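Below: the structure, in structure tokens.
The values are calculated or read from the model by the stated rules, or taken from the named source; none is laboratory data. Quantities reported herein were computed from a predicted structural model and do not represent experimental measurements. Glycine also receives a Cβ, built like all others from the backbone with ideal geometry; neighbour counts cover every protein chain displayed.
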Amino acid sequence: MALVKLRIGTWALMFSSFFVFLSGCATAPIIEPTFEELKAASAHKKNIAILEMNDDGSPIQGIEALAMAELENLLVGHFVVVEREKVKRVISERDFVDSGNMERIHELGKLLGADYLVFGNVTASVRESQLKHRRTKPGKDEFSGWIWEEATSDVDVSVKIVDVSSAVVLYSDKKVGSYRQKSRQERFNDESLFKKTLRAKLISHAVVQIAKSFNRLDKEYSFLASRALEKAVKSFNHDLRTKFPHSGEILQIFSEHEVIVNLGSAYGVKPRDKLIIWEEKGSFKDPKTGIITILKEKKAILKVTKVTSGLTCIAKGSKKTILRLRVGDKIFTY
């Protein structure tokens, strides 16, 4: 299948932001944290800097700029993100080119005031629009048929997070996002007309595909790539919550089904997120490493129903679960 090569421009960012806004409108409203709340929360969050995000080997050139914006947006909820211009300035001044040089990573991390550094790569492709059709099964009393065009974009995003102090890779994974879009869909109730139109469209579509220039700027295809990228980056969210959880406490037993927790939008918490409470079951010391391991098991999982501020939210559980909880219990993003 032929791949379309194109460069994504600023309009793609606008489209992406617009649809993020629309999708957000269908869910509970997001409480934007105030400056004071963000500042207060930052004392409990690690600093992170995106050092590199490239698109080496990607059929779609320029995708790294959009990937950088999406990744920054995701990381803001988990960490304090070092401002991009500062990162670019430090990299330029120190002539940093080797992402495998751990000594340089330590040096750059200290200069940026970062606890963690992020390295990433993104590849994106768009499959040429295909003619698709579907019809009711033979023998049905009433005929229905559909003909449409369908284009698909696939995006792979790789992310590696390195601890500055130890140069240990704390997290490394690749996520895939795919976005499919239908267009020009027609419905038919007459079977003979459906077959006639399908034959004509198959011939016409084949001619058009041969005549197309694959190097032209195509807004439709760029939009597809941006939506696929958005899905790929968002799929890192659960991993980050598990690997780098935020901790809080139960501030108040609000009702027989709800508690108030000191975790809000400044920590990236949103309605429908899950929070977990662990119960310690003892500990042991490893004679080889000297590290003490605490045994724990799940005590409760709560679901965020409302984010009340940048620093608080309301989480819900069953009546039986809430009865087991106490003010001051430790709770973590999950």
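Would you call Val233 closer than 17 Å to Leu74 by Cβ, part of a loop (DSSP other than H, G, I, E, B) and β-branched (Val, Ile, Thr)?
no
Let me confirm something: among Ile8, Ile50, which residue is in contact with a Gly (Cβ under 8 Å, 6 or more places away or on another chain) and either modelled with pLDDT under 90 or not assigned by TED's automatic domain parsing to the domain that holds Lys234 (or both)? Steps first, answer last, please.
Details: Ile50 fails: either modelled with pLDDT under 90 or not assigned by TED's automatic domain parsing to the domain that holds Lys234 (or both).
Answer to the selection: Ile8.
Mind listing just one residue for me: the one in the stretch 96-117 that is of a type in the set (Gly, Ala, Ser), at pLDDT 70 or above and outside any helix (DSSP H, G or I) and, of those, farthest from Val80 (Cα to Cα)?
My answer is Gly113.
Just to be sure I understand the filter: pairs with C-beta atoms under 6 Å, separated by 6 or more residues or on different chains, first member in the stretch 41-54 and more than 14 Å from Phe244 (Cα to Cα), second member outside any strand (DSSP E or B) and at pLDDT 90 or above. Which pairs pass?
Partner pairs satisfying both residue conditions: Ala41/Ala266; Ala41/Tyr267; Ala49/Val82; Ala49/Val87; Ala49/Leu112; Ala49/Ala114; Met53/Ala67; Met53/Met68.
Could you identify the single residue in Thr289, Thr242, Thr293 that is surrounded by 13 or more Cβ atoms within 10 Å (Cβ to Cβ), modelled with pLDDT under 90 and either outside any strand (DSSP E or B) or of a type in the set (Val, Ile, Thr) (or both)?
Thr242
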